[in-house]
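Each remark here refers to the structure printed beneath this line.
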Amino acid sequence: MKLKAPETVFSSAGFCPGCGHGIGTNLVAKVMDGLGIQNGSISVSSVGCGGMNPMFFDTDTSIPMHGRAPATATGIKRIHPDKVVCTYQGDGDLASIGTAEIVHAAHRGEK
C-alpha cells in the first residue's frame, strides 16, 4: 500500500528531522482533507516554526504577532462565521506569551 500525502499540504520540506511539527501538520491536513474543509478554512499560525504553515497548508492564512493567534482567530471567526477558523501554535506562542489570549478565548467560550 502506497501512502498518499494529504491534498491540503502542498509542501513537505521545512521542519528539522525528528521535530513533532511535521507530524502535527500532517495530522491537521489529514483532518481537513477528511472533513473536506480546505476551501472553507482560514488558518491562523504563530511565529516561529508554526509560522511556516502558509508554506504547507493550501488555505487562507494569517500570521499575527507572537501569542496573539487566539485573539486574531476570534476576530476572523466573528467576521466570517461561515468559515472554519483554526490556530496552529507552538508551546511558546500558546502556553508562554499567549497564555492570556488563550485563557480569555476559553473564558468567553469562543468556538
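The values are calculated or read from the model by the stated rules, or taken from the named source; none is laboratory data. Since the structure is predicted, the reported quantities are computational estimates derived from the model, not experimental observations. Cβ placement follows ideal geometry from the backbone for every residue including glycine, while neighbour counts extend to all protein chains displayed. Each accessible area value is taken on the protein alone, full model and side chains, heavy atoms only, with ligands, DNA and RNA left out. Shrake-Rupley method; radii C 1.70, N 1.55, O 1.52, S 1.80 Å.
Tabulated data for the structure shown
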quantity: Which numbered condition GLY22 fails, given (1) of a type in the set (Gly, Ala, Ser); (2) open to solvent by 50 Å² or more (accessible area, probe 1.4 Å); (3) modelled with pLDDT under 85; calculated: (2)
quantity: Extreme residue, nearest to ASP58 (Cα to Cα), among residues of the stretch 85-110 that are charged (D, E, K, R) and touching a helix residue (DSSP H, G or I) at 6+ places or on another chain (Cβ under 8 Å); calculated: ASP93
quantity: ASP82 being out of contact with any helix residue (DSSP H, G or I) (no Cβ under 6 Å at 6 or more places or on another chain), surrounded by fewer than 18 Cβ atoms within 10 Å (Cβ to Cβ) and either at negative phi or not in a helix (DSSP H, G or I) (or both); calculated: yes
quantity: Where a residue in the stretch 33-44 is crowded, with 16+ Cβ neighbours inside 10 Å and its partner, wherever it lies, is part of a helix (DSSP H, G or I), with Cβ under 7 Å and at least six apart; calculated: GLN38/MET32; SER41/MET32; ILE42/ILE76; SER43/ASN53; VAL44/ALA69; VAL44/THR72; VAL44/ALA73; VAL44/ILE76
quantity: Filter pass, ASN39 being touching a helix residue (DSSP H, G or I) at 6+ places or on another chain (Cβ under 9 Å) and either part of a helix (DSSP H, G or I) or at pLDDT below 90 (or both); calculated: no
quantity: The stretch 49-72: number of residues that are open to solvent by less than 40 Å² (accessible area, probe 1.4 Å) and either in contact with a helix residue (DSSP H, G or I) (Cβ under 8 Å, 6 or more places away or on another chain) or in a loop (DSSP other than H, G, I, E, B) (or both); calculated: 10
quantity: Complete set of residues in the stretch 88-111 that are open to solvent by less than 60 Å² (accessible area, probe 1.4 Å) and hydroxyl-bearing (Ser, Thr, Tyr); calculated: TYR88, THR99
quantity: Count - residues of the stretch 65-111 that are of a type in the set (D, E, K, R), within 22 Å of HIS21 (Cβ to Cβ) and free of Cβ contacts under 8 Å to residues at least 12 places away in the same chain; calculated: 1
quantity: Looking only at the stretch 1-19, and only at residues there that are in contact with a Gly (Cβ under 9 Å, 6 or more places away or on another chain) and surrounded by 14 or more Cβ atoms within 10 Å (Cβ to Cβ), the one that is modelled with the highest pLDDT; calculated: PHE15
